[in-house]
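So the structure is just underneath, and the comments pick up after that.
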Amino acid sequence: MDKDINIKVKVWRQNGPKEKGRFETYALKNISQGSSFLEMLDILNEQLINEGKIPVAFDHDCREGICGMCSLYINGHPHGPDGEITTCQLHMRSFNDGDTITIEPWRSAGFPIIKDLVVDRTAFEKIMQAGGYVSVNTGGIPDANAIPIPRDKAELAMDAAACIGCGACVAACKNGSAMLFVAAKVSQLALLPQGKPEAARRAKSMVAKMDELGFGNCTNTGACEVECPKNISISNIARLNREFLKAKFKD
Amino acid sequence: MSWLIKSSIGRKLIQSISGLFLILFLLFHLSMNVVLIFSHETYDFLANEILGANWWAIVGTLVLGLGVVVHIIYAVILTLQNWIARGRNRYASKSKTQVAWSSKNMFVLGVFIVLFLFIHMYQMWYQMQFKDLFGIEGVRHDGAQLVVDVLSQTWVLIAYVVAFIALWFHLNHGFWSALHTVGWNNDIWMKRLKRLGYFVSTLIVLGFIVVAFAVYLGYTNLLV
């Protein structure tokens with residue numbers, strides 16, 4: 001049964017991108033284990049506002065694990081100790097009475113901190129803009145059944161497309177590498193006939209953008225795959241390597 | 001071809017190809033060691049006539065040396081870049097993500113192997129091929145006896161075995177990781193490659209350890 005618990009949260013506070021950050025610890029009383037992690041932070045912020053203090057800034061939007069906005073590195077795990085979920089789907093029943101929970105922002109050169117727990121993830125948008133799409137040179141609407149797609153390919157593409165671009169892969173990686181994200185985005189299109197014509201250009205320009213933005217070199221530790229809330233497989237990274245090398249050797 | 005150096009995947013390709021080349025060399029090295037157990041005479045013949053100071057052996061040594069140097073240089077470059085990419089502020093809480101220990105410690109393991117290589121190269125290669133090439137006094141043509149002399153010291157045996165264990169961890173991650181980087185992997189092959197890597201690293205390291213102990217305990221030259 002869910003109980004009410006008393007906890008302490010150790011939160012990273014940083015006033016702005018250039019300011020020096022520090023940890024601050026706050027005590028919270030009677031938090032229902034049935035409440036979500038972000039609701040707990042809402043309660044904390046209400047408490048801070050009532051005390052006349054500045055609330056903690058953190059990213060959140062849909063709160064149902066699909067938008068990819070929430071982040072937070074909680075007790076040594078991106079998206080917290082529970083597996084296969086985003087922070088907004090994490091519940092306080094994962095914690096016990098008397099716990100001190102350490103909450104940090106994603107830490108990576110590619111994701112600079114904006115304020116408190118909010119990081120700038122526009123690097124991912126820039127990588128997408130570099131080629132993560134299918135060009136629409138619109139003609140007539142093609143018949144949906146005119147392009148047969150093998151079931152296994154369709155499944156793999158859908159699995160890769162489950163990536164919500166939250167950045168947990170980068171946050172978990174000891175190399176600050178964005179390979180799992182880029183691999184998922186390249187794979188979801190490279191596997192389908194609609195994405196094939198641009199596959200080589202896409203792989204090259206997205207990897208080039210990723211390198212340019214200061215993400216690290218993947219060393220296949222597999223930490224990204226373990227922490228990914230959407231279970232994206234590192235097999236996609238092998239596919240990205242394959243697509244990229246094929247494209248480069250063809251040049 | 002500048003993408004090989006400029007792109008992250010290109011740099012990783014260099015690292016993985018040089019690594020795979022070094023694994024092939026280790027297999028060759030192991031087969032040479034095993035000869036020692038059976039016959040000193042054959043070992044010396046191979047060491048002097050087939051390898052030794054012949055032009056092909058020198059070319060082979062240079063290519064191998066290049067492979068080692070490239071592998072080390074790119075290990076340093078990649079590790080430094082990755083360290084910078086991690087950002088200036090580190091996590092206060094220790095990462096609890098479950099990953100293979102060796103995958104996080106490839107560089108440290110590599111440093112241990114390089115330290116071992118210094119000792120090993122001085123004890124063996126310098127005494128044989130190097131001295132022969134540059135006409136330095138005291139060149140050894142009795143390779144088998146040299147190995148026995150060196151490895152009969154207990155501290156040498158211990159140092160070698162420790163280095164072999166580091167090598168085992170290094171290869172365990174390195175083998176499948178290299179093939180993953182060249183793009184030869186998917187959900188099905190992942191298990192196969194990891195198991196194959198386990199097999200190859202165990203074969204190499206166990207072979208080295210068995211030969212080292214055989215030499216230490218005097219079980220060599222058994223066919224004579």
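The values are calculated or read from the model by the stated rules, or taken from the named source; none is laboratory data. Model, not experiment: these values are computed from the prediction. Reconstructed Cβ throughout: ideal geometry from the backbone, glycine too, with neighbour counts over all protein chains shown. Side chains included, ligands, DNA and RNA excluded: accessible areas come from the protein's heavy atoms. Shrake-Rupley method; radii C 1.70, N 1.55, O 1.52, S 1.80 Å.
Figures for the structure shown
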read-out: Odd one out for B:Leu115, checked against (1) closer than 21 Å to B:Asn48 by Cα; (2) surrounded by fewer than 17 Cβ atoms within 10 Å (Cβ to Cβ); (3) not aromatic (Phe, Trp, Tyr); value: (1)
read-out: Single condition A:Asp143 does not satisfy, out of (1) at pLDDT below 95; (2) within 18 Å of B:Ala92 (Cα to Cα); value: (2)
read-out: Test set (1) part of a helix (DSSP H, G or I); (2) of a type in the set (Lys, Arg); (3) at the interface with chain A (Cβ under 7 Å from one of its Cβ atoms) - B:Arg90 fails condition number; value: (1)
read-out: Conditions (1) under 30 Å from B:Gly143 (Cα atoms); (2) facing another protein chain (nearest Cβ under 10 Å): number failed by B:Ser103; value: (1)
read-out: All positions within the stretch A:164-199 that are within 13 Å of chain B (Cβ to nearest Cβ), aliphatic (A, V, I, L, M) and either part of a helix (DSSP H, G or I) or under 17 Å from the mean Cα position of the chain (by Cα) (or both); value: A:Ala168, A:Val170, A:Ala171, A:Ala172, A:Ala178, A:Met179, A:Leu180, A:Val182, A:Ala183, A:Val186, A:Ala190
read-out: Subset of the stretch A:219-236 [closer than 18 Å to B:Ser177 by Cβ and at the interface with chain B (Cβ under 7 Å from one of its Cβ atoms)]; value: A:Thr219, A:Asn220, A:Thr221, A:Gly222, A:Ala223, A:Val226, A:Ser233, A:Ser235
read-out: Elements of type helices (runs of 4 or more DSSP H) contained in the stretch B:108-224, each with 3 or more residues being under 13 Å from the mean Cα position of the chain (by Cα) and among the aromatic types (Phe, Trp, Tyr); value: B:154-181
read-out: Condition check for B:Ile165: out of contact with any Lys or Arg (no Cβ under 9 Å at 6 or more places or on another chain) and either of a type in the set (Ser, Thr, Tyr) or at pLDDT 95 or above (or both); value: yes
read-out: Cβ-Cβ under 6 Å pairs, at least 6 apart or on other chains, the stretch B:178-189 side within 7 Å of chain A (Cβ to nearest Cβ) and open to solvent by less than 60 Å² (accessible area, probe 1.4 Å), far side assigned to a helix (DSSP H, G or I) and of a type in the set (D, E, K, R); value: B:Thr181/B:Lys12; B:Gly183/A:Arg242
read-out: Single unsatisfied condition, B:Leu30 versus (1) within 14 Å of another protein chain (Cβ to nearest Cβ); (2) open to solvent by less than 40 Å² (accessible area, probe 1.4 Å); value: (1)
read-out: Selection from the stretch A:24-71 of residues that are within 24 Å of the chain's Cα centre (by Cα) and farther than 28 Å from A:Glu84 by Cβ; value: A:Pro55
read-out: Residue count for the stretch A:237-251, restricted to those that are more than 11 Å from A:Val182 (Cα to Cα), open to solvent by less than 80 Å² (accessible area, probe 1.4 Å) and of a type outside the set (Gly, Ala, Ser); value: 4
read-out: Residue check for A:Gly52: more than 14 Å from every other protein chain (Cβ to nearest Cβ), small (Gly, Ala, Ser), touching a helix residue (DSSP H, G or I) at 6+ places or on another chain (Cβ under 7 Å) and not in a helix (DSSP H, G or I); value: no
read-out: Residue among B:Ile50, B:Ile17, B:Ile23 that alone is open to solvent by 60 Å² or more (accessible area, probe 1.4 Å) and modelled with pLDDT of 95 or more; value: B:Ile17
read-out: Inter-residue pairs, beta-carbon under 6 Å, first at pLDDT 95 or above and in the stretch A:154-166, second assigned to a helix (DSSP H, G or I), 6+ apart; value: A:Ala157/A:Gln188; A:Ala160/A:Ala184; A:Ala160/A:Ser187; A:Ala160/A:Gln188; A:Ala160/A:Asn236; A:Ala161/A:Gln188; A:Cys163/A:Ala184; A:Gly165/A:Phe124
read-out: Test: residue in the stretch A:86-97 that is under 24 Å from A:Ala178 (Cβ atoms), in contact with a strand residue (DSSP E or B) (Cβ under 6 Å, 6 or more places away or on another chain) and away from every other protein chain (no Cβ under 14 Å); value: no
read-out: Selection count, the stretch A:95-119, where residues are part of a loop (DSSP other than H, G, I, E, B) and either without any contact (Cβ under 8 Å) to a residue 60 or more places away in the chain or crowded, with 18+ Cβ neighbours inside 10 Å (or both); value: 9
read-out: Members of the stretch A:48-88 that are in contact (Cβ under 8 Å) with a residue 24 or more places away in the chain and among the hydrophobic types (A, V, I, L, M, F, W, C); value: A:Val56, A:Ala57, A:Phe58, A:Cys62, A:Ile66, A:Cys67, A:Met69, A:Cys70, A:Leu72, A:Ile74, A:Ile85, A:Cys88
read-out: Subset of the stretch A:123-155 (residues that are surrounded by 12 or more Cβ atoms within 10 Å (Cβ to Cβ), in a helix (DSSP H, G or I) and either more than 14 Å from every other protein chain (Cβ to nearest Cβ) or on the phi > 0 side of the Ramachandran plot (or both)); value: A:Phe124, A:Lys126, A:Met128, A:Gln129, A:Ala154
